[in-house]
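Trainee: I'd like to ask some things about the structure below.
No value in this document is a laboratory result; all are computed from the given coordinates. It should be emphasised that the depicted structure is a prediction, and the values quoted were computed from it without experimental measurement. Note: ideal-geometry Cβ built from the backbone for every residue, glycine included; neighbour counts use all protein chains shown.
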Amino acid sequence: MVVVSSKSGSTVETDSQKRAFESAFAAAGINAAERIVIVTDPGSPLDQASREAGYRVFNADPNVGGRYSALTAFGLVPSGLAGADISQLLASAVSASSALQYDSEDNPAIWLASAMAGDPASWDKFLIESDVYPGFGDWVEQLVAESTGKEGRGVLPVVVTSSAPEFSQVPADTISIRARNLSSHCSFEGELGELFLVWEWATALAGYLLEINPFDQPNVESAKIALEHCSIRLSRLPRWSLLTGAWRSAPLASRLSVRPWRLLWSSSWQWLVTTATSLSTST
């Protein structure tokens, strides 16, 4: 089963991968609608097109940002398909939620946020080791980096394993945050649902300490806009004509050692070959 997830429903990379799976299933005589599940925000282009094509669609809460959506449909649908106990995952998150809502010394999110961003003049990086929770550190890395890295500020998470040499001599501008390890600067443990919620709260609070908005993503949005402009420009380029002599005169094309027709499948390749030919002609 393939899960295709996109909040906006218009992400180019996601759409390209979806098309690749659709083509592969069609080539194998398999109905793609029986093997692909869609997760997206309600009313998105992907939502509308997928329903019209007969796909099973799960809508997520549009008010929750992508990197904070582990406990929404974006995280729960693939978890359920993988055999995880979703009810237990949510129950553990609910059990932790009450302690996270108060400005109290008993709030673990406040302690964690303070460890991450409490003294940016002294440290702005942390090693995250979570071997007992495989893959959890990678999720933390994306959550913290994208939420705090903006306006010339931020906290840099570095995912490592328990055998990482950095632990023998942690740099002065770095702290260590490890799962079930009391020898580190900060240690954490709990059920997975609890940890998702605690880290999301802690990341939001770290944004408050750094005086930045932990919920926007200006650099991600600007990159999407730049890619869209680039795609528009590429689509307006004249189509590459199969001039064997011109193609052979392009040194880049000859180094690729592929047939001309292989270079016609996308506008990006058209641009590359046209540019290579122009460079060859000019030089």
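Trainee: Count charges around GLY207 for me, please; just the other residues with Cβ under 15 Å from its Cβ, Lys/Arg as +1, Asp/Glu as -1.
Mentor: -3
Trainee: How would you rank 174-186, 198-210, highest first, on the average number of other Cβ atoms within 10 Å across their residues?
Mentor: Sorting 174-186, 198-210 by mean packing, highest first, produces 198-210, 174-186.
Trainee: Mind checking which aspartates and glutamates have their C-alpha under 16 Å from LYS125, skipping anything on the same chain fewer than 8 residues away?
Mentor: Leaving aside aspartates and glutamates fewer than 8 places away in the same chain, those within reach of LYS125 are ASP138, GLU141, GLU146, GLU166, ASP173.
Trainee: Summing +1 for each Lys or Arg and -1 for each Asp or Glu, what net charge is found among the other residues whose Cβ lies under 15 Å from the Cβ of THR14?
Mentor: -2
Trainee: If you don't mind, there's one more thing I want to ask. What percent does the relative contact order of the stretch 48-124 come to when contacts are Cα pairs within less than 8 Å and at least six residues apart?
Mentor: For the stretch 48-124, the relative contact order is 12 percent.
Trainee: Can you compute the modelled spin-label distance between VAL158 and LEU182, with each label point 7 Å from Cα toward Cβ, in nm?
Mentor: 2.7
Trainee: Then there is this: Return the aspartates and glutamates within reach of LYS18: Cα separation strictly under 19 angstrom, same-chain partners fewer than 8 residues apart disregarded; answer none if there are no such residues.
Mentor: Hits, sequence-local ones excluded: GLU34, ASP41, ASP47, GLU52, GLU228.
Trainee: Within the stretch 71-91, find all residues whose amide N lies under 20 Å from a label point positioned 7 Å from the Cα of SER97 along Cα-to-beta-carbon.
Mentor: It comes to 71-80, 85-91, nothing else.
Trainee: Starting from the Cα of PHE21, step 7 Å along the direction of its Cβ; do the same at GLU228; then give the gap between the two resulting points in nm.
Mentor: About 2.5 nm, to one decimal.
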